[in-house]
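Student: Supplied in structure tokens, the structure appears directly below.
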Amino acid sequence: MTALGGFFLTSGLAFYMHRVIWGGFIFVFGIGLLFLSAIFWFGDIINEATFHGLHTRAVRIGLRDGFLLFLVSEIMLFFGFFWAFFHSSICPAIELGSIWPPFALDVIFAGYYPLYNTILLIVSGFAVTWVHQAMAIGSFKEAIDGFMVTIGLGFFFIILQLTEYYEASFVISDGVYASTFYLLTGLHGFHVMVGVVFLSVCFVRLLLNHFLTNHYLGLVFAIWYWHFVDLVWILLFFTVYCWGSW
């Protein structure tokens, strides 16, 4: 089911971009399949861990190593797009006037929305660390407060990012600068959305008393993922927004 969802998502998106009939429907259908698969799959993992007691130490180590490998694959995904950005910026093509950013392109000022979003994610990183420390000492009230701050800042980040896109003077088809810019920031924005959902699920599980002071591996994964999102954005801010727009 997951494989079919991925196939329909990618093929449907390609069809939609080439204006093939039913391309958008196939794309949405693929997203729906992946969404249902995630609900069933992760629901089984939660049931096995919380209600059946099947997550022994060996199972937890396997889950931890698997999630770390997933984060490595995410790092390599962003590495590819950063490589494209640096390749085009360090050695700009003659068609771009051999300058970067390209001539007559009104780039986004780093000291406005990007700076605000950087502050939001840094503060959210401290807040989610607050959640982690509160869980370790069994202070669930503080963990709930930290969750609310982190999730709220994540939502605010998404709103500011969409506002930035709305006010931008260029679109993804306006040359290599625009395409790498939107691919990097858009991919990161998608990861922020996934991180907010991840943390929201953990927040609901905390309210349902699924976690103990020595049993909250799913929350640890969400925290790791959010720190990864923070670090990628800091790299984005200083390379794409600051250095890339000089």
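Student: Of the residues that sit in the stretch 29-76 and are loosely packed, with under 11 Cβ neighbours inside 10 Å and outside any helix (DSSP H, G or I), which one is modelled with the lowest pLDDT?
Tutor: Out of the qualifying residues, it is Gly53.
Student: Name the single residue, out of those in the stretch 104-155 being among the aromatic types (Phe, Trp, Tyr) and not in a helix (DSSP H, G or I), that is surrounded by the most Cβ atoms within 10 Å (Cβ to Cβ).
Tutor: The residue in question is Tyr112.
Student: Working only within the stretch 172-217, note down all residues that are under 22 Å from Phe238 (Cα atoms), β-branched (Val, Ile, Thr) and over 21 Å from the mean Cα position of the chain (by Cα).
Tutor: Val176
Student: For residues that are among the polar types (S, T, N, Q) and either closer than 19 Å to Phe190 by Cβ or in the same structural domain as Leu212 (by TED's automatic domain parsing) (or both), tally how many sit in the stretch 12-49.
Tutor: 1
Student: Can you list residue pairs whose Cβ atoms sit under 9 Å apart, with the first residue in the stretch 22-35 being under 12 Å from Phe7 (Cα atoms) and the second being of a type in the set (Val, Ile, Thr)? Count only pairs 6 or more apart in sequence or on different chains.
Tutor: So the pair list comes out as Ile26/Val20; Phe27/Thr10; Gly30/Thr10; Leu33/Thr2; Leu34/Thr2.
Student: Tell me, which residue of the stretch 1-16 that is without any contact (Cβ under 8 Å) to a residue 24 or more places away in the chain and within 23 Å of the chain's Cα centre (by Cα) is nearest to Phe40 (Cα to Cα)?
Tutor: By that ranking, first place goes to Ala3.
Student: Looking at (1) under 15 Å from Gly125 (Cα atoms); (2) crowded, with 18+ Cβ neighbours inside 10 Å, which one does Val240 not meet, given that it meets all the others?
Tutor: Every condition holds for Val240 apart from (1).
The values are calculated or read from the model by the stated rules, or taken from the named source; none is laboratory data. Bear in mind the structure is a predicted one, so any value in this text is a computation, not a measurement. Ideal geometry is used to build each Cβ from the backbone, glycine not excepted, and the neighbour counts take in all protein chains shown.
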